[in-house]
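Read the structure below first, then the notes.
The values are calculated or read from the model by the stated rules, or taken from the named source; none is laboratory data. Predicted model only: the values in this text are computed from it and were never measured. Every residue, glycine as well, gets a Cβ built from its backbone with ideal geometry; the counts of neighbours run over all protein chains shown.
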Amino acid sequence: MTAPLRLRLDAAALVANWRTLDRLSGAAACGAAVKADGYGLGAAQVVQRLAAAGARDFFVSNWAEAVALAPLGVTVSVLHGVRDEDRGVALTGIARPVLNTDAQVARWREAGGGLCDVMVDTGMNRLGVSAAAVTGGLLDGLRIETLMSHLACADEDSAMNDRQRVALAGLAGRTSARRLSLANSAGVALGCGYAFDLVRPGLALYGGVPRPDMAAILRQVVTPQAQVLQRRRVSTGATVGYNATWTATHDTEVAILNIGYADGYARGFSDRGCARVADGTALPVIGRVSMDLIAIDVSAAPGVLEGDWIGLDFALPAASAACGLSQYELLTRLGPRYDREWVSGA
Ligand SMILES: *Cc1c(COP(=O)(O)O)cnc(C)c1O
């Protein structure tokens, strides 16, 4: 059975983005954040492609995500660490926990857990043990692979970036950690001083552009496509969609597509989104985005018929500006109703 909507996923672009981030990171290793099902693309498919390209370190949020990747045999770190409930699965060794709190450190010690990662807070005040606790000996005796921290403002030119970098650098040699890691996607663009031994991009792998200076070097990976369910003529003065927000100022050819906000095609694209046929002709979204449907003006595309596939503009910075959702939300809301089709683009 094929779905009436699909994600066209460009495998070559995904790998090219990883290589670009790897190159920008100098001697540091380049891993990949694949939490939230690979930001909506499908974690297993992303991991297979990036592992084949040379990525060795993958990051998920929780143990269910790690279990799903276990058959692939890659090295996975679980960013949210070990709750009491996770002890059993964590001790199977399918992934390393990233210990975030004093209690998690104690739990891992008592459980006799092996190699782990540790998150240290350097100012974001989200997850992580304090730097003072680390220098005070909290981690003594633990076998640590990566001591990491996370940047709060890497997508901005904020003085906080350098403060966080200095704080992590100050912990070099203070633990058993073999590696230090700080940068997410935006952090990679801050320069090699931020790369330490391992970078952890997510968004940029998938075509998100966290800083304008990265726009020219990253490629779009995801394009939603939907099938035409009906083509109709809307006469001058008639309206389209919920609340009749769009009125035809002239007789208009309209196509109804099999995609809506339940598929992550945000309601903010109402009257603002754009579809596109193969020759590049732009077909604006008209009226409200419904749960499962949108309407587009196909007056410029007389050849579009019921059953045809139409692509939706999804260059992430522009799409984010158009609909008001962040690039992260645009990706992670892409739902389960799509067929996910990997292609090797140009
Ligand atoms: C999600 C996440 C990343 C990746 O961030 P991007 O901004 O998507 O590159 C890296 N590190 C941690 C700790 C994260 O939670």
Has the stretch 184-191 got any residue that is surrounded by fewer than 24 Cβ atoms within 10 Å (Cβ to Cβ), of a type in the set (Val, Ile, Thr) and either more than 9 Å from the ligand (Cβ to nearest atom) or modelled with pLDDT of 95 or more (or both)? no
One residue from Asp162, Asp251 being surrounded by fewer than 22 Cβ atoms within 10 Å (Cβ to Cβ), of a type in the set (D, E, K, R) and under 30 Å from the mean Cα position of the chain (by Cα): Asp162
Looking only at the stretch 98-112, decide whether some residue is closer than 19 Å to Val199 by Cα and either touching a Lys or Arg at 6+ places or on another chain (Cβ under 9 Å) or assigned to a loop (DSSP other than H, G, I, E, B) (or both). yes
So in the stretch 112-128, with the set limited to residues that are out of contact with any Leu (no Cβ under 6 Å at 6 or more places or on another chain) and free of Cβ contacts under 8 Å to residues at least 40 places away in the same chain, which one is surrounded by the most Cβ atoms within 10 Å (Cβ to Cβ)? Gly128
If only one of Glu156, Glu145 is more than 10 Å from the ligand (Cβ to nearest atom) and in a strand (DSSP E or B), which one is it? Glu145
Strands (runs of 3 or more DSSP E) contained in the stretch 1-96 and holding at least 3 residues within 14 Å of the ligand (Cβ to nearest atom) and without any contact (Cβ under 8 Å) to a residue 12 or more places away in the chain: none
Considering Asn161, Asn125, which residue is part of a loop (DSSP other than H, G, I, E, B) and within 15 Å of the ligand (Cβ to nearest atom)? Asn125
Residue set Thr236, Thr223, Thr249; condition among the polar types (S, T, N, Q), at pLDDT 95 or above, under 23 Å from Arg337 (Cα atoms) and out of contact with any Ser or Thr (no Cβ under 6 Å at 6 or more places or on another chain); output residue Thr223
Of the residues Ala321, Ala266, Ala262, only one is surrounded by fewer than 17 Cβ atoms within 10 Å (Cβ to Cβ) and under 19 Å from Arg337 (Cβ atoms); which? Ala262
Cβ contacts < 7 Å: first residue of a type in the set (Phe, Trp, Tyr), restricted to the stretch 237-263; second residue in a strand (DSSP E or B), any location; separation 6+ or different chain. Result? Trp246/Thr239; Trp246/Val240; Trp246/Ile286
Which of the residues that make up the stretch 215-239 are over 16 Å from the mean Cα position of the chain (by Cα) and crowded, with 20+ Cβ neighbours inside 10 Å? Gln225, Ala226, Val228, Val234
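Do we have any residue at all in the stretch 200-220 that's assigned to a strand (DSSP E or B) and either within 16 Å of the ligand (Cβ to nearest atom) or touching a residue at least 12 places away in the same chain (Cβ under 8 Å) (or both)? Please lay out each step first, then the result.
Step one: list which residues in the stretch 200-220 are assigned to a strand (DSSP E or B), which gives none.
The answer is no, given that none of the residues of the stretch 200-220 is assigned to a strand (DSSP E or B) and either within 16 Å of the ligand (Cβ to nearest atom) or touching a residue at least 12 places away in the same chain (Cβ under 8 Å) (or both).
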